[in-house]
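Here the structure is laid out as structure tokens; the discussion comes afterwards.
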Amino acid sequence: MPGADLLVPVEDSVTLRQTVAHAVERARDVDGPVTLHFVYPISERPVGGEDSEIAGDAEALLDRVEVWAEEDLGENNEDVSVATALVGADIYLFTPGDYADVLLEYARRNGVGSVLLDPEFNPLGMAPLLPPLERELEAAGLETELAPVERATRRGPLTRPAGLDQFALLFASTFGFYLLIGGAVTPFNVATGAVTATIVAAVLRRISTRGSVDLSRLAGRLGRMVLYVPYLLWEIVQANIDIAKVVLHPRLPIDPEIIEFDAAVWSELPATTLANSITLTPGTLTVDVTQRHFTVHSLTEGARTDLLAGGLERAVRFVFYGRAAMRLPSPAERGETPAGSVEPGEASPADDGDAETESVEADPGAGGDGE
């Protein structure tokens, strides 16, 4: 075995307690001193660094893991020590390769040769992480093992708990949409719309909503979206003018390329909003979104430069995360440059190592007439 010390990546899961117990049991079977390294890779780059709420929650989980390990070790634990650490807080973690890189860096820095993985370890949330992560770690020379844990059978409920806030939100949105497509606010439309919205809200509120509705956060996002719409329209107008100049130019100076970059957006709705905004802006077309990895076709060098300057990305972050998130670096500032792009028809460098990740489901508009 290449070293007795053991590296255990952790996140809050139903099998984490069993994984910690197995790590302690394995360490006890080794003759000589052993260090158990429990590390928490932070998938979302926290605003505020190690003083952020995300980092605070991670530290709290690591403290809990350390207590569990010491509890399992008991009093006779002179040969086994426990170390905890946050990793990846200063970079963006998007793919299994990113997680493997930070784990490898920690392992090499601390002389660790073995990794124990919790079978439920999946900080990406939307796609399986373990199979490609195992391959990356084994290819780098680390011995990997899945903790033998017992997992309960998963039976996801069709419905979720819902209260009056979910009912009111669904009723208001349905009623507003009904009046919008009705074309006129008449007594008949108001009456039939209210009946329709009541039925829809009563039947679907436990299916179409997730958790409790935070009205203050929702109101803030809607308010920021009102500011975002005219900004997007202005970007579309400017891009139309730029493309019109290119089309009317005698030499038609186009320079089509496909570029790839990792956007600093961290869930499906912000990623979809950014993808649609890119497509609606003439000169750029979102080809694919995998997690937060964007593949975009650009028609001109100017369109690529504007995209990587991060104006749209910052605006989307403003809508969903507030003003503080706007200070995060743009793709160009993070090192994403057109030099890493590929010509149309060439193989994408991101297509060879992450076939098991799911694409973010974008709205039909994401494949519209952006160019």
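Bear in mind these aren't lab numbers, they're just calculated from the coordinates by the rules spelled out. Values in this document were obtained by computation on a predicted structure and should not be read as measured data. Here the Cβ is made from the backbone with ideal geometry for all residues, glycine too, and neighbour counts use every protein chain on show.
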Revision key, fill the gap. Under the 7 Å Cα-to-Cβ spin-label approximation, residue 248 and residue 81 lie apart by a distance in nanometres of 7.2
Point to revise | Ascending count of other beta-carbon atoms within 10 Å, so fewest first, for 121, 94 | key: 94, 121
Exercise for review: Using only alpha carbons, build the gyration tensor for the stretch 164-208 and give me the equivalent ellipsoid semi-axes, biggest first, whole Å.
Suggested key: 20, 9, 7
Practice item. Hand me the trypsin sites (Lys or Arg not before Pro) from the stretch 177-268 located in a DSSP loop with no more than 14 other Cβ atoms within 10 Å, in residue order please. Key: 210, 251
Revision key, fill the gap. Rounded to the nearest 0.05, FRET efficiency between residue 216 and residue 241 (Cβ-Cβ, R0 35 Å) equals 0.35
Point to revise | Segment residue 189-residue 226, length gained on full extension (0.36 nm per residue, minus Cα span) | key: 10.7 nm
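Rank these for me by crowding, 11, 145, 150, 333, going from fewest to most other beta carbons within 10 Å. Before the final figure, lay out each step's value.
Details: 11 18, 145 14, 150 6, 333 11.
The order, fewest Cβ neighbours first, is 150, 333, 145, 11.
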Practice item. Could you line up 71, 260, 66 from fewest to most neighbouring Cβ atoms inside 10 Å? Key: 71, 66, 260
